[in-house]
1. Using a Gaussian network model of the chain whose springs link C-alpha atoms within less than 10 Å, name the residue from Ala52, Ala23, Ala34 with the highest mean-square fluctuation.
2. More than 25 Å apart: what percent of Cα pairs in the chain qualify?
3. Show that you can apply the helix-only estimate: for the chain, add -39,500 (n - 2.57) for every DSSP H stretch of four or more residues, divide by all residues, and state [θ] at 222 nm to the nearest 500.
4. Taking the Cα centre of the chain as origin, sum charge times position over the Cβ atoms of Lys and Arg (+1) and Asp and Glu (-1), and report the length of that vector in debye to the nearest 20.
5. On a 0 to 90 degree scale, rounded to 10, what angle separates helix 11-34 from the longest Cα axis of the chain?
6. Name the residue farthest towards the positive end of the dipole of the chain from the options Ala34, Asn86, Ile53, assuming +1 on Cβ of Lys and Arg, -1 on Cβ of Asp and Glu, about the Cα centre.
7. Does a label point 7 Å from the Cα of Leu82, set along Cα-to-beta-carbon, have any residues of the range 90-109 with amide nitrogen under 14 Å, and which are they?
8. Note down the nm distance, to one decimal, between modelled labels 7 Å out along Cα→Cβ at Asp62 and at Glu117.
Amino acid sequence: GVVVEPLVPPVETRRRNMLKRGAEVLQTKMENHASELVVYERPGRGYVQVPAIVGETEYDQDDGMGFINKIVRNDYTIRQSLLVINGEQITPERNDIIRQTLDNGTVYEGRVLGEGEIPHYKESDGYGVSWRIHTKRDEIF
């Protein structure tokens, strides 16, 4: 008979798969224990409610007149596979909207935007599990 050796992926592939599984486990734990439900909307296309880990990015911006402004933006880490609107998986686009209901009942509404050299979103883990999405506040209702 013919002996067939089992196909074993190269070490780098096994290591990457293990790290991706780790990123998935961490994202699940964060969703279960440290997330808030937010509404992600693509204007004119629809919306989806998803768990998001809420954070902030703080940076300095030169106003060109010798003053440095401190800018604070809300960020949302959202599992990529959950960003589905009308049956279509989407990638964050500038001017999408994220709505977050704060503890006091007010609603934070942020447009998906970067600032200067900061892109409007980036992969948060390097393995395609989640996006870190930057917003700029429009209104608090």
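1. Ala34
2. On the way: 3830 of 9870 pairs.
In whole percent, the long-distance tail amounts to 39.
3. On the way: 1 runs with 24 residues, N = 141.
Mean residue ellipticity, 222 nm, calculated: -6000 deg cm²/dmol.
4. Values: 18 positive and 23 negative charges, 112 e Å.
Rounded to the nearest 20 debye, it is 540 debye.
5. 40 degrees
6. Asn86
7. Under cut-off, by backbone N: 99-101.
8. 1.1 nm
The values are calculated or read from the model by the stated rules, or taken from the named source; none is laboratory data. What you see is a predicted model; the values in this text were computed from it and never measured. All Cβ positions, glycine included, derive from the backbone under ideal geometry; neighbour counts span all protein chains shown. Ligands, DNA and RNA are stripped out before the accessible areas are found, and what is left, the full protein with its side chains, is counted by its heavy atoms. Shrake-Rupley method; radii C 1.70, N 1.55, O 1.52, S 1.80 Å.
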